[in-house]
Amino acid sequence: MQSSESSPRFRSTTIVAVRRDGKAAMAGDGQVSFGQTVMKGTARKVRRIADGKVVVGFAGATADAFTLLERFEAKIKEHRGTLQRAAVELAKDWRTDRYLRRLEAMMIVMNDETTLLLSGTGDVVEPDEGVVAIGSGGPFALAAARALYRHTDHDAPTIAREALQMAAEICVYTNDQIVLEEL
């Protein structure tokens, strides 16, 4: 990651996933920014794979995220749809492979039973509460989702959408072009 403002970087994404009362939802915004310029407002960063049984959301460098998405989809097929095993195997490859180690992205993956956060440091984390978020606006969406989760009786899709909407009002790298997938 570059810290110099003289070298603009692509910034994008807020992804939030919520699981409550047997329902799961993941929402992502559509903004891709380069430095201080919005390059695209309708990117689709939440997708279904594995015949619609798995939802994946990714944040980070676009090409890196797509590379990881393809690798994860291959791992899901290789491990016959077992989310945890596919996630652990991808995380191992991501951490040890010379090429993959350089990728700058994070992913949230979920199926009807489990939600996991994957990172390039080898992390595969299942959140304690039914809420997790990543990306530029991730901390804002996470705070909003936790507050809604704890203090309302809203369902998972409503919490995910509202949390992302709140993040879009605060984070300049997040917009309100929301893609929501439910399981």
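A few remarks follow.
- Our estimate of slack between GLN84 and GLU70, defined as 0.36 nm per intervening residue step minus the Cα-Cα distance, is 3.4 nm.
- If the chain linking GLU126 and ASP97 were pulled fully straight, counting 0.36 nm for each residue of separation and taking away their Cα-Cα distance, it would gain 8.1 nm.
- Remark: spin-label model distance GLN177-ALA147 equals 2.7 nm, labels positioned 7 Å along the Cα→Cβ axis.
- When you restrict to C-alpha pairs under 8 Å that are six or more residues apart and normalise by the size of the range 10-172, the relative contact order lands at 28 percent.
- Computed label-point distance, nm, for sites ASP155 and LYS53 using a 7 Å Cα→Cβ extension: 2.3
- All distinct Cα pairs of the range 10-172 go into the 1/r average, and the inverse of that average, the Kirkwood radius, is 15.7 Å.
- Neighbour counts of C-beta atoms inside 10 Å place LYS23, LYS75 in the sequence LYS23, LYS75, starting with the fewest.
- Taken along the Cα-to-beta-carbon direction at a fixed 7 Å, the label points for GLU169 and GLN36 span 2.6 nm.
- Think of each Lys and Arg Cβ as +1 and each Asp and Glu Cβ as -1; about the Cα centre, that makes the dipole of the chain roughly 520 debye.
- The chain: calculated mean residue ellipticity at 222 nm from DSSP helix runs of at least 4, using -39500 (n - 2.57): -11000 deg cm²/dmol
- Per-peptide packing, taken as the mean over residues of other Cβ atoms within 10 Å, places 159-172, 133-146, 49-62, 32-45 in the sequence 133-146, 159-172, 49-62, 32-45 from highest down.
Read-outs throughout are calculated quantities, based only on the coordinates presented, and are distinct from any laboratory measurement. Everything numeric in this text was worked out from a predicted model, so none of it was measured. As a convention, Cβ positions derive from the backbone with ideal geometry for all residues, glycine included, and neighbour counts pool all protein chains shown.
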